[in-house]
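Values in this text are rule-based calculations from the coordinates and carry no lab data. Because the structure is predicted, anything quoted here is derived from the model rather than measured. FYI the Cβ positions are ideal-geometry reconstructions off the backbone, even for glycines, and counts take in every protein chain you see.
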Amino acid sequence: MKRYTIIYSALAVMLGTLISSCKKNFLAETPYSAYAPITLTDSLGFEAALVGLYNQHSTWLTYSGRQGYHCLWQVGTDVANSTANQEGIEVPYYNYATLTSSDAGASYTWGKFYTLINNANNVIDQIEGQNVKGVTKGRNRIDAEARFFRAYGYNTLATLYGRVPLVVHSLTAPKTDYTRASLTDVNAQIIADLTYACANLPDVGGVGAKTNPTTGLPASRANKWMAYQLLAEVYLRTGQNDLAETTAQAIISSGKFSLVSARFGSAASLPGDYYSDIFKYGNQRRSQNNPEVIWTLEQENPTTLAGGNTDNAQQRRIWGAAYYNIAGLALADSLGGRSIARMRISNWVIYGLYGKGDIRNSGYNLRRRFVYNDPAYPALLGKPVPYNNADTLFKTCPYITKWGQFDPNDTFGYAMIKDFILMRLGETYLLLAEAQVQQGKTAAAAATINVLRTRAGAAQVTASQMTLDFILDERARELIGEENRRMTLMRTGTLVDRATRLNANDAAKPISGLTKTNLLLPIPLSEIQLNKDAVLEQNPGYN
């Protein structure tokens, strides 16, 4: 009988629904969401919105929908080339004649950073509004943290696309009449936001601290030196070299950070060196006693912490060699785990970049040779893998080890679970030296560069060697695999010269069609077409 009672009850509910549907208000809409952002009323709401900015940024870094996406920031420059195992999205970034306004990479990048900016605008609008009563302290810090991300987004867009629409308030309705602001206005907004962030973000906590003593928040949250580092780069891009020098020097002189020059951390008892220790899993955070990092975007293993990784980061897979395709080579932590070699560092990097004794070129940092390690092949075990020209373009290509990471519970390793070191003191010295070179202070620049070269065990340099070209060489030695190389060369206007002079003759996927047009990316055609009520101009040279 209970079974029939349930059925009858269900029928009654359905009948009631049908009867009510005959009422005149049945078609009246009851919206359960809105275009306008959710109102933030208290500290918990604002903190959640700020954490969302880190999450949004991380989805750019961990994007795996197009596995070759992160290759396009390296291939077709001076430091890397595509391999036979490319995914496809990379092609227009070395075969530049195919780079058009319909390009998937340019479109995805535009969308990601405008989403980040809009989310930051939401926080800024509301924390600066008149109706925020639930936040009794820390309002300036909340404002500054959001402004840092807005500046980060606009600096990326300005570097890649030049003049872009300048939107400083969150959208509350669809908008189809965007126009491109002057680069002067965009840069002024970036600098204003970062100046505010420098003044209102908290200082960094001590090395090893898991929380910031000023805010009580996790140590990985924004600190003022992150804003200083980004501001120094912006000043360089805008030709304000004296201000770039002062800003970078402030970070170095703060005494808060130091270059790693001794073994430390999770791999200190294993074969390696102090430079490779900087990038070991378990060493990449300031809270893990790494004194060099200024900003680390933290990721967690999703098998132990649900949601710890926002997507499936591909950096290990694209940077490493596909060595497991060689009989006698097995997946191993010492080889960096499973990679698929979607790109290969250029011959210029492999054969011409590093001098004698440079620790950044040690076998622990740039692997060039392999030894058979698979016990299933006892006759080969321990012997060197022979040099094979075809294999060195893909299966046993030389590779940097910064992204190496092996999880024995996930040997296939689709996702990389390492943290992202986004800013560190090594780059600060390079920004300082660049500012000094641009002002003709070559002796000061040499002294700055020699700090890094002393740490690396490399030969010292002199004032006569100090040019922008040398600084960019040194950036490759120090930051390969970390920096967005394409953005660096676009920012300095050197992409065409350096890519064609140092890397145009790669035999596998040679660079072709590169012109000054490519110092900017195309404005996505989809954005131009959707912007029906105003003209969103295309960058010159693109259709």
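Tell me which trypsin sites (Lys or Arg not before Pro) from region 466-543 have a DSSP coil assignment and no more than 15 other beta carbons within 10 Å of their own.
Values: sites: R475, R477, R485, R486, R491, R498, R501, K516, K532; in loops: K532.
Within region 466-543, the qualifying trypsin sites (Lys or Arg not before Pro) (loop, at most 15 other Cβ atoms within 10 Å) are K532.
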Q: For K532, list the aspartates and glutamates whose Cα falls under 15 Å from its own Cα; do not include residues on the same chain fewer than 8 positions away.
A: D177
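At 37 °C and 0.692 mPa s, what whole-number value in µm²/s does Stokes-Einstein give for the translational diffusion of region 388-431, with Rh from the Kirkwood sum over Cα pairs?
In µm²/s, the coefficient rounds to 241.
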Q.
For the chain, take the longest principal axis of its alpha carbons; what is the angle in degrees between that and the long axis of helix 224-237, to the nearest 10 within 0 to 90?
A. 70 degrees
Q | Rounded to whole Hz, the Karplus (6.51, -1.76, 1.60) HN-Hα couplings of region 282-295, x for glycine and proline | A | x, 10, 8, 10, 4, 5, 9, 6, 9, x, 8, 7, 9, 9
Q. By the scheme Lys and Arg +1, Asp and Glu -1, what is the net charge of all other residues having a beta-carbon under 13 Å from that of K509?
A. -1
Q.
For a quick size check, give me the Cα extents of region 77-148 along its three principal axes, largest first, whole Å.
A. 58, 25, 18
Q | Structure-derived Rg and Dmax of the Cα atoms in Å: which label, when the choices are (1) 25.8, 97; (2) 24.7, 78; (3) 24.6, 99 | A | (1)
Q: Take the Cα pairs of region 161-236, get the Kirkwood Rh, then feed it into Stokes-Einstein at 4 °C and 1.567 mPa s and tell me D in µm²/s.
A: 88 µm²/s
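Within the chain, what's the longest run with no chymotrypsin sites (Phe, Trp or Tyr not before Pro) in a DSSP loop and at most 11 other beta-carbon atoms within 10 Å? Give the range, please.
Details: sites that count: Y32, Y35, Y387, F412.
The longest such stretch corresponds to 36-386.
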Q. When the Cα centres of region 281-304 and region 191-218 are compared, how far apart do they sit, in Å?
A. 17 Å
(Q) Need the list of aspartates and glutamates near K210 for cross-linking: C-alpha distance under 13 angstrom, and skip anything on the same chain fewer than eight residues off. (A) E298
**Q.** Under Karplus coefficients 6.51, -1.76 and 1.60, residue-wise ³J(HN,Hα) of region 354-367 in Hz, glycine/proline x
**A.** 9, x, 4, x, 6, 4, 5, 10, 5, x, 7, 10, 9, 7
Q. Gap in Å between the Cα centre of region 372-413 and the Cα centre of region 321-360?
A. 9 Å
Q | Sequence-distant aspartates and glutamates (8 or more away, or on other chains) whose Cα lies within less than 15 Å of K112 | A | D103, D311, E527
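I need the Kirkwood Rh of region 344-481: take the reciprocal of the average 1/r across all distinct C-alpha pairs and report it in angstrom. All intermediate terms of the calculation are to be shown ahead of the outcome.
Numbers: mean 1/r = 0.0574 Å⁻¹.
Final number for the Kirkwood radius of region 344-481 is 17.4 Å.
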Q) By count of other Cβ within 10 Å, fewest leading, how are I340, I359, I511 ordered? A) I359, I340, I511
Q: Please tell me the relative contact order of the chain in percent, rounded to the nearest whole number, where contacts are Cα pairs under 8 Å and at least six residues apart.
A: 21 percent
**Q.** Helix axis angle, 2-20 relative to the chain longest principal axis, alpha carbon, degrees
**A.** 80 degrees
Q. For the cross-link pairs K356/K395; K441/K516; K224/K256; K395/K509; K256/K280, which exceed 19 Å when the distance is taken from alpha carbon to alpha carbon?
A. K356/K395; K441/K516; K256/K280
Q. Hey, what angle do you get for helix 183-200 against the long axis of the chain, alpha-carbon based, 0 to 90 degrees rounded to 10?
A. 90 degrees
Q. Just the Cα atoms of region 314-400, one point each, no solvent: what log10 I(q)/I(0) does Debye give at q = 0.11, 0.22 Å⁻¹?
A. -0.29, -1.10
Q. Amide H to amide H, which residues 5 or more places from T211 or on other chains are under 5 Å from it, using H placed in the peptide plane?
A. A219
Q: Output ³J(HN,Hα) for region 506-521: one whole-Hz value per residue in order, computed from phi by the Karplus curve 6.51 cos²θ - 1.76 cosθ + 1.60 with θ = phi - 60°, and x for Gly and Pro.
A: 4, 6, 7, 9, x, 6, 8, x, 6, 9, 5, 3, 7, 6, 10, 7
